[in-house]
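Colleague: Structure below; questions to follow.
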Amino acid sequence: MNNIINILIRTPEGKEFKVNRESPCTVEELIRPLQDEFSYEILSCVADYHRQGLDWIVDHDCTIELLDMRSPSGNMTYQVSLTFLYIKAVHDVLGDDVRVTIANSLSKGLFTQIHTGKLDETAVRKIEARMKELVEEDIRFEGGYARRPEIEEYFRKYTRREQKDLIESADDLRRAYIYKLQDETDLIYHRLVPSTGYLKWFELRRYKNGVLLRFPHPSKPDTVPPYEEQKLLYDAFSEATRWCRIMKVSNAADLNILVKQKNCKDLILLSEALHEKRIAEIAEQIRESGKRIVLIAGPSSSGKTSFAKRLCIQMRVIGLKPLYLGTDDYFHERDETPVLENGEKDFESLRAIDTVLFNNQMNDLLKGKWVDLPEFDFKEGKKVYGHRITSISSIQPIVIEGIHGLNPAMTEGIPDDQKYRIYISPLTQLNIDDHNRVPTTDARMLRRIVRDHLFRGYGALETIHAWPSVRAGEEQYIFPYNSLADTFFNSHCLYELSVLKKYAKPLLETIPEDVPEYPEARRMLEFLGCFNEMEDDSIIPNNSIMREFIGGSVLL
């Protein structure tokens, strides 16, 4: 009888190794002889289209794809593991009863708050030193996958109010991970690395009323990047926190309780009113600045179009008469579109835009000249003229929406003193609980899955497949320029995850288990299990940013 286990191992660089084993072993043990083949530390893996930790036992023939920090899953594994280590160190230094909140991403790291009057620079250095001690000791993380009965048992032993409320309010929360590091135990929604020795790269930095937990960027997995101040982003997240307080919803359990009670009307209307108030404030800032080129940029599924049109309405309210344009109308003709190394058309980079035409026409408009503005026919792949011949007065502003809006090269021919720059993104401040945040990228991907299905003819599988390329484009063409913005607009709706779940869940459930997109679909379904579904979304106003994704918008 043949008991040999045949394993195909694929490295992040694409190399393949065939390994035969006579007995089961963990992935960590399996890859130990291959360490010289890896550019960076392996953090997790996918085995036959299922996400696994390195402690997963290989006991049958399979294909294993190894992941380091350059992959989204490996990166998240590192972040979540480092967060657990950080919380453990805080409790070791300041005491087990000290509350820690993992708030949001900021300055190539996570902004955290330690709720104690003892936090000063000395305390932060002690916490960092304790983390380094724990890494040096290379202590194993014990535990792992847990189903609902085990989660409920966990709450009978370890009780944090917001976690207890979550398990009681989230009917679909069926699985998570329970981990222990010495005397620290926590409920987590992602697999961890096997031990603390994997977490070599980090730094702590005292910032404002909290602490930045900083770690490597996926582009350089073994180096903590130089610190960059992101005051506007910090202010935007702080504003989101204030909005959470106003609406008395700060975590998933708070939202779930309102959904269960069918009492979301006030939450929706208040959330939309706060959006409208902020948009009106931005319109007033534009008027006071006297600038006439209003540039709006942000990553995919930020709600740029709805925001731009609502901003135009608020500008008209205060006497301005904006002209609205989209940079997509300035695409090069299809046969002139630049090509990537793989032969595919490059529609994401600035090279795809006819910036010469754009700058010439904007300057002509500013001078009061008549201009024949193009409309891009995406079916024919060319610009069409003659439909929008226009001019503007000497005080009229131009509102321009597009992913490259903040890139100086996009508007290099336009005087800087004419530009007012706005960065928009759904900055999610609603966390699952104190220790488990909701990444902004997850909220955006859910928006895109729903919109692609309803309006663009794509299934969830196609959206998930394209998402890495979308994210790579954002890293290259959008995020580097957000610090140039004059103001930020947070397009997140506090209630949106409960609304999106109704549309996204059935789409994600259609993705079969034998495709590469399945692990991400499974992760998103488990994430959505933390939120109750809002069945009736008819109360959402027809000019809401959410309507751009779920349908029924009067702005599009």
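The values are calculated or read from the model by the stated rules, or taken from the named source; none is laboratory data. Just so you know, these numbers come straight off a predicted model, no measurement behind them. As a convention, Cβ positions derive from the backbone with ideal geometry for all residues, glycine included, and neighbour counts pool all protein chains shown. Just the protein is used for accessible areas: all its heavy atoms, side chains included, with ligands, DNA and RNA removed. Shrake-Rupley method; radii C 1.70, N 1.55, O 1.52, S 1.80 Å.
Yes/no per residue for (1) part of a loop (DSSP other than H, G, I, E, B); (2) modelled with pLDDT of 95 or more; (3) touching a Cys at 6+ places or on another chain (Cβ under 9 Å); (4) of a type outside the set (A, V, I, L, M):
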residue	(1), (2), (3), (4)
Glu162	no, no, no, yes
Asp165	no, no, no, yes
Glu168	no, no, no, yes
Asp171	yes, no, no, yes
Leu187	no, no, no, no
Leu192	yes, yes, no, no
Gly197	no, yes, no, yes
Arg205	no, yes, no, yes
Leu213	no, yes, no, no
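Colleague: Additional query: Taking the conditions exactly as written (surrounded by fewer than 22 Cβ atoms within 10 Å (Cβ to Cβ) and of a type in the set (Ser, Thr, Tyr)), does Thr355 satisfy them or not? Walk me through it before giving the result.
Modeller: On the way: surrounded by fewer than 22 Cβ atoms within 10 Å (Cβ to Cβ): yes; of a type in the set (Ser, Thr, Tyr): yes.
So Thr355 fits the description; yes.
Colleague: Same structure, new question: So Ser306 fits all but one of (1) part of a helix (DSSP H, G or I); (2) of a type in the set (S, T, N, Q); (3) farther than 29 Å from Asp417 by Cβ; (4) open to solvent by less than 10 Å² (accessible area, probe 1.4 Å); what number is the exception?
Modeller: Among (1) part of a helix (DSSP H, G or I); (2) of a type in the set (S, T, N, Q); (3) farther than 29 Å from Asp417 by Cβ; (4) open to solvent by less than 10 Å² (accessible area, probe 1.4 Å), Ser306 violates only (3).
Colleague: Determine if the range 227-250 includes at least one residue that is of a type in the set (Asp, Glu) and not in a helix (DSSP H, G or I).
Modeller: Taking the range 227-250 and keeping what is of a type in the set (Asp, Glu), we get 228-229, 235, 239.
Imposing the further condition that a residue be not in a helix (DSSP H, G or I) reduces the set to 228-229.
Yes, because at least one residue in the range 227-250 is of a type in the set (Asp, Glu) and not in a helix (DSSP H, G or I).
Colleague: Also, I was wondering about something else. Does the range 309-316 include one or more residues that are assigned to a loop (DSSP other than H, G, I, E, B) and surrounded by fewer than 13 Cβ atoms within 10 Å (Cβ to Cβ)? Steps first, answer last, please.
Modeller: So the first thing to find is which residues in the range 309-316 are assigned to a loop (DSSP other than H, G, I, E, B), and the list is none.
There is no residue in the range 309-316 that is assigned to a loop (DSSP other than H, G, I, E, B) and surrounded by fewer than 13 Cβ atoms within 10 Å (Cβ to Cβ).
Colleague: Another question about this same structure. Answer yes if at least one residue in the range 287-296 is of a type outside the set (Gly, Ala, Ser), modelled with pLDDT of 95 or more, part of a helix (DSSP H, G or I) and in contact with a helix residue (DSSP H, G or I) (Cβ under 9 Å, 6 or more places away or on another chain), and no otherwise. First the steps, then the outcome.
Modeller: Start the filter on the range 287-296 by keeping residues that are of a type outside the set (Gly, Ala, Ser), which leaves 287-288, 291-296.
Pick out the ones that are also modelled with pLDDT of 95 or more and you get 287-288, 291-296.
If we keep only those that are part of a helix (DSSP H, G or I) as well, we get 287-288.
Next, from what is left, pick out any that are in contact with a helix residue (DSSP H, G or I) (Cβ under 9 Å, 6 or more places away or on another chain): 287.
Yes: one or more hits.
Colleague: Taking the range 251-286, which residues are basic (Lys, Arg), at pLDDT below 95 and on the phi < 0 side of the Ramachandran plot? First the steps, then the outcome.
Modeller: Filtering the range 251-286 for residues basic (Lys, Arg) gives 260, 262, 265, 277-278.
Filter once more, so that each one left must be at pLDDT below 95: 260, 262, 265.
Those that are basic (Lys, Arg), at pLDDT below 95 and on the phi < 0 side of the Ramachandran plot: Lys260, Lys265.
Colleague: Between a residue in the range 260-281 that is free of Cβ contacts under 8 Å to residues at least 40 places away in the same chain and under 22 Å from Phe488 (Cβ atoms) and any residue that is open to solvent by less than 70 Å² (accessible area, probe 1.4 Å) and of a type in the set (A, V, I, L, M), which pairs come within a Cβ distance under 8 Å, given they are 6 or more apart or on different chains?
Modeller: If the second residue must be open to solvent by less than 70 Å² (accessible area, probe 1.4 Å) and of a type in the set (A, V, I, L, M), the pairs left are Leu270/Met247.
Colleague: Of the residues Glu168, Glu133, Glu152, Glu137, which is surrounded by fewer than 17 Cβ atoms within 10 Å (Cβ to Cβ) and within 21 Å of Ile42 (Cβ to Cβ)?
Modeller: Numbers: Glu168 fails: within 21 Å of Ile42 (Cβ to Cβ); Glu133 fails: within 21 Å of Ile42 (Cβ to Cβ); Glu152 fails: within 21 Å of Ile42 (Cβ to Cβ).
None of the others qualify; the one that does is Glu137.
Colleague: Same structure again: Collect the residues in the range 30-45 that are surrounded by 15 or more Cβ atoms within 10 Å (Cβ to Cβ) and more than 28 Å from His217 (Cβ to Cβ), keeping them in residue-number order.
Modeller: Leu30
Colleague: I've got another one for you. Going through the range 1-51 one residue at a time, which ones are within 27 Å of the chain's Cα centre (by Cα), part of a strand (DSSP E or B) and of a type in the set (Val, Ile, Thr)?
Modeller: Val46
Colleague: I need a count of the residues in the range 497-533 that are under 24 Å from Asn263 (Cα atoms), touching a residue at least 60 places away in the same chain (Cβ under 8 Å) and in a helix (DSSP H, G or I).
Modeller: Matching residues across the range 497-533 total 4.
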